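In what follows, a structure is listed as structure tokens, so that the remarks can point back to it.
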């Protein structure tokens, strides 16, 4: 068993929580990894901790750690006609 740490990179989507305040962080490549923080920095750190816990759980159970394909970011413009 290797003693060197492996590093993984995942995309995290941060959204403002307009009701409770702060930010929600979601990792689309890892189902169920959703967390939040009062600031963007806190939400990112909480996401890092949640991802680490998720990966450690997979590792403990002998399951493969998923990799993330290069995310495709594609903004979409939508126009509305004024009524």
Practice task
For an R0 of 35 angstrom, estimate the FRET efficiency from the Cβ-Cβ distance between residue 58 and residue 18 and round to the nearest 0.05.
Solution key: 0.60
Completion exercise
Taking Cα pairs closer than 8 Å and at least 6 residues apart, the relative contact order of region 13-60 in percent is 27
Practice task
Could you line up 74, 57 from fewest to most neighbouring Cβ atoms inside 10 Å?
Solution key: 74, 57
Completion exercise
Tilt, helix 40-60 to longest principal axis of the chain (alpha-carbon atoms), in degrees rounded to tens, equals 40
Fill in the blank from the handout: Final fewest-first order of 80, 30 on the 10 Å Cβ neighbour count is 80, 30
Exercise for the section: Quick one: grab the alpha carbon gyration tensor of region 13-60, order the square roots of its eigenvalues as a ≥ b ≥ c, and give me rounded if a/c is under 1.5, else prolate or oblate depending on whether a/b is larger than b/c. Expected result: prolate
Practice task
Determine the calculated [θ] at 222 nm for the chain from helices alone, applying -39500 (n - 2.57) to every DSSP H run no shorter than 4 residues and normalising by the residue count; nearest 500 deg cm²/dmol.
Solution key: -9000 deg cm²/dmol
Practice task
Note down the relative contact order for the chain as a percent, whole number, built from C-alpha pairs under 8 angstrom at least six residues apart.
Solution key: 22
Problem - Per-pair calculated FRET efficiency, R0 = 22 Å: residue 69 and residue 40 via Cβ, rounded to 0.05 - result: 0.35
Problem - Option label - volume of the Cα convex hull per residue in Å³ computed here, alternatives (i) 142; (ii) 131; (iii) 105 - result: (i)
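Taken together, the values in this text are just the output of simple stated rules run on the coordinates, not laboratory data. Since the structure is predicted, the reported quantities are computational estimates derived from the model, not experimental observations. Note that each Cβ is placed from the backbone with ideal geometry, even for glycine, and that neighbours are counted across all protein chains shown.
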